[in-house]
Amino acid sequence: MTQHLARRKSIAEWVTLSLSVLVVGALILVALVEESRRQDGDGTALQVTFDTEGATTQGENFYVPYVVLNTGSEAISSAEIWIDVYDGERVVESAEITVQFLPLQGKQDGVFVTTRDPASHALRSRIESLQFP
Amino acid sequence: MLVEPRSAPTRPRPGREWSDEFDDAVRGLASGFLIGVPVVFTVDSWWLGDQNEPLDSLALLAFSYVLTLAAVYWIGFRRGQRRGWQYFGDAIEALALAVLALLAVFWVLGQIGDGQSPSIAVGRIAVAIGPVSLGVAVANHLLARDASRVDPDPGDASAMRPRQLSGPRRTLFELAASVAGALFVCLAIVPVDDLAAITTEVPLRNLPLVILLSLIVTYSVVFAAGFAGEARRHRTPGPLQTPFAETVTAYLAALLVCLALLWLFGRIDEDSAVMEIYTKTVLLAFPASMAAAAGRLAV
């Protein structure tokens, strides 16, 4: 036995479908905007910022917070960065940090430990190598 | 005009359009969580999403839509018969439910909307959306309306037993089912070391939100989606037979199973800090509590 029934989409179904299209559409839109921003980006670029004012001391060591930010147009799977501590124009201390999985506009927080007072010394970074996914 | 198969529930049901929509959505979400949570709860999938470029994410989204469309055509998550272009609409809805579920999970875990860029959110959602939307799309099979929660399926060992359990023995049996469900998921997660990485990635302040989402999803899986036997379960007498008590019981069972397995596999020991034990247990209980709730559906 079969039944013949007239069918019309209810208002509730239309609302659900419309909201769903909005949600998926928003996701696609964000992806397209991010892609456009990526294409306008300037290749590979990493930015390392030290917060010397936020440094703390523990014994003879100074703990200096830093942020590594991927400002380029490619995701980075691994970055090796040298941090040099300068006393005037002379490098008095160096250390290497490795950062992994830096997506587009991704950032990695960390703390650099040095025996030199960041208030009287300059901290500079240089990228040694990068690896891409 | 549409020819309805025999016994097929009609749709829309007059006067119940909105509640049917809500039931279908929650049932789909519950099914999506159950299928997708192992992928969502893997830090490697987060990192893979981080490295995705936006166009890769769009390709994954398109692929997931095609898979979901196929699953919706063969199984689906909506009440009543569908036809023609409605399958395409249902697949979009399944995808949207998956997006919302993933947004909720990643936000609660502090993995999006906490200083991360939009491309990270898109990448992480794109990597995990396939299994979750597939889970939504097969809700009619996984959490079927016509499958009884109180009668065993044909062929089940419990179907061969001469009588049904009742009273305290039934409550005990349901507790055991919750434990079994939680064990099912925990045994797949605890031996691999993902939990340690997830523990370091999730901010401490987010753990209360994780507990809240665990309870909401657990409640949804067991009660809110209009599963078969729901009404009967709501009116069954007994201290552990209220919706709130059942949800909390399933969650507590999951917590205990998580603690036991973390201890058994050496992920925590007597030297572990209380905060470490708390963090690992709460995070692991997130997928485990869903499985514990699903375990109760099986009895």
* **Check on A:GLU53, more than 21 Å from the chain's Cα centre (by Cα), within 26 Å of B:SER117 (Cβ to Cβ) and among the acidic types (Asp, Glu)** => yes
* To do: Within segment A:90-109, track down each residue that is exposed (fewer than 14 other Cβ atoms within 10 Å of the Cβ) and either touching a strand residue (DSSP E or B) at 6+ places or on another chain (Cβ under 8 Å) or polar (S, T, N, Q) (or both).
  => A:VAL91, A:VAL92, A:SER94, A:ALA95, A:GLU96, A:THR98, A:GLN100, A:ASP109
* Asked: Looking at segment B:77-91, which of its residues are surrounded by fewer than 24 Cβ atoms within 10 Å (Cβ to Cβ) and of a type outside the set (S, T, N, Q)?
  -> B:ARG79, B:GLY80, B:ARG82, B:ARG83, B:GLY84, B:TRP85, B:TYR87, B:PHE88, B:GLY89
* Whichever residue in segment B:51-63 is in contact with a helix residue (DSSP H, G or I) (Cβ under 9 Å, 6 or more places away or on another chain) and more than 9 Å from chain A (Cβ to nearest Cβ) and, among such residues, is nearest to B:ILE211 (Cα to Cα) -> B:LEU60
* Structure fact -> Selection from segment A:5-49 of residues in contact (Cβ under 8 Å) with a residue 12 or more places away in the chain and at the interface with chain B (Cβ under 7 Å from one of its Cβ atoms) yields A:GLU34, A:ARG38
* **A:ILE83, sole failed condition from (1) in a loop (DSSP other than H, G, I, E, B); (2) at pLDDT 90 or above** => (1)
* **Hits in segment A:90-126 (condition: assigned to a strand (DSSP E or B) and either aromatic (Phe, Trp, Tyr) or more than 22 Å from the chain's Cα centre (by Cα) (or both))** => A:ARG90, A:VAL91, A:VAL92, A:GLU93, A:SER94, A:PHE101, A:PHE112, A:THR114, A:ALA122
* Can B:VAL43 be described as modelled with pLDDT of 85 or more, within 9 Å of chain A (Cβ to nearest Cβ) and within 30 Å of B:VAL222 (Cβ to Cβ)? -> no
* Structure fact -> In segment A:13-31, residues that are surrounded by 15 or more Cβ atoms within 10 Å (Cβ to Cβ) and of a type in the set (Ser, Thr, Tyr) total 2
* Asked: Do we have B:VAL66 as over 22 Å from B:ALA121 (Cβ atoms), β-branched (Val, Ile, Thr) and in contact with a helix residue (DSSP H, G or I) (Cβ under 8 Å, 6 or more places away or on another chain) here?
  -> no
* Structure fact -> Flagged in segment B:112-132 as over 17 Å from A:VAL30 (Cβ atoms) and in contact with a Gly (Cβ under 7 Å, 6 or more places away or on another chain), in numbering order, are B:PRO131, B:VAL132
* So A:LEU130 fits all but one of (1) under 24 Å from the mean Cα position of the chain (by Cα); (2) more than 26 Å from B:ALA197 (Cβ to Cβ); what number is the exception? -> (2)
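The values are calculated or read from the model by the stated rules, or taken from the named source; none is laboratory data. This is a predicted model, so every value here is computed, not measured. Note that each Cβ is placed from the backbone with ideal geometry, even for glycine, and that neighbours are counted across all protein chains shown.
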